[in-house]
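FYI, it's all coordinate maths here, none of it is from the lab. For clarity, every value in this text was computed on a predicted model and none was experimentally measured. Heads up, the Cβs are rebuilt from the backbone with ideal geometry, glycines too, and the neighbour counts pull from every protein chain shown.
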Amino acid sequence: MSLPSREQIATALKSVSLFQDLEEPQFQRLAQHAMPRRAGPGEILFAEGDQCQGLYVIYSGAVRIFKQSAQGREQVLTIERAGGLVGELPVFDGGPHAASCEPTEHSVLLFLSKQDIRRCCREDPELALKVLASIGGRLRHLIMLVEQLSFLTVRNRLAALLLEIAGEGSTGSLSGTPVRVPFDLTQQEIAARVGTVRELVSRNMARLEHEGIIRLEGHTLVIPDLKRLEQEAHPES
């Protein structure tokens, strides 16, 4: 996996919604300061409590943001893929990272220092407003996550995750023929995504399969009737 050139870095930054309104000189300055690096699964980019040095733009691959309890139980807050960014909040509030971050696959990341980002915000107030919008979107996602953990059952949350996965990479009609999507998450990884333990994931996956709502064929998830899965994910709608 080769590292991107400066031209490729500039093009990648222009695709990030946070930077789309920057003037060309600012793009070039950011591209010159962006430090590309490779990272793989299990490599911690930053840990909860670390002092923030800057943010990361995902050039390729994917990373997960997660919290971990003293007992070692994990809760995945979000997964960001190419074009996304992570670590932006402490760049501006001056505090430490509130969660940990690691790649879920082999990835290439672009690191931008706190000083460079803050300088760009001083030069372009519109960028500062977009930063606020990005942080606001992250906050809305976390509120939704708290709502799911508080009011939905493990079965509901599992169904919602399977719907999300189906929307990301499915083949087949969402209104007719069965949906088929690559599926290689372990039950432990699913448990971390939906806020439960592996045993409950195993039990609820088995029930959904027994009831014909989903079907696993090797590393493929098959959803015969998407509406039934939607009803499980949103029981009150």
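With point charges of +1 on the Cβ of Lys and Arg and -1 on the Cβ of Asp and Glu, referenced to the Cα centre of segment 94-237, which listed residue (106, 154, 166) lies farthest in the positive direction of the dipole?
Of the candidates, 154 comes out farthest on the positive side.
Which of the trypsin sites (Lys or Arg not before Pro) across segment 69-145 are loop residues per DSSP, with 14 or fewer other Cβ within 10 Å?
Listed in order of number, the matching sites are 73.
In deg cm²/dmol and to the nearest 500, what is the mean residue ellipticity at 222 nm of the chain if only DSSP H runs of at least 4 residues count, each as -39500 (n - 2.57), divided by the residue total?
Rounded to the nearest 500, it is -14000 deg cm²/dmol.
Per the Kirkwood formula on distinct C-alpha pairs, the Rh of the chain is how many angstrom?
Computed over the chain, the radius equals 19.4 Å.
Give, rounded to the nearest 20 debye, the magnitude of the charge dipole that segment 60-162 has about its Cα centre when Lys and Arg contribute +1 at Cβ and Asp and Glu contribute -1 at Cβ.
Magnitude of the dipole: close to 280 debye.
Under the definition of Cα pairs under 8 Å and six or more residues apart, what whole-number percent is the relative contact order of segment 80-237?
The value is 20 percent.
I need the helices of the chain that pass two filters: whole DSSP H segments spanning 15 Å or more by Cα along the axis, and mean Kyte-Doolittle score no lower than -0.5.
Within the chain the helices that satisfy the rule are 125-151, 154-169.
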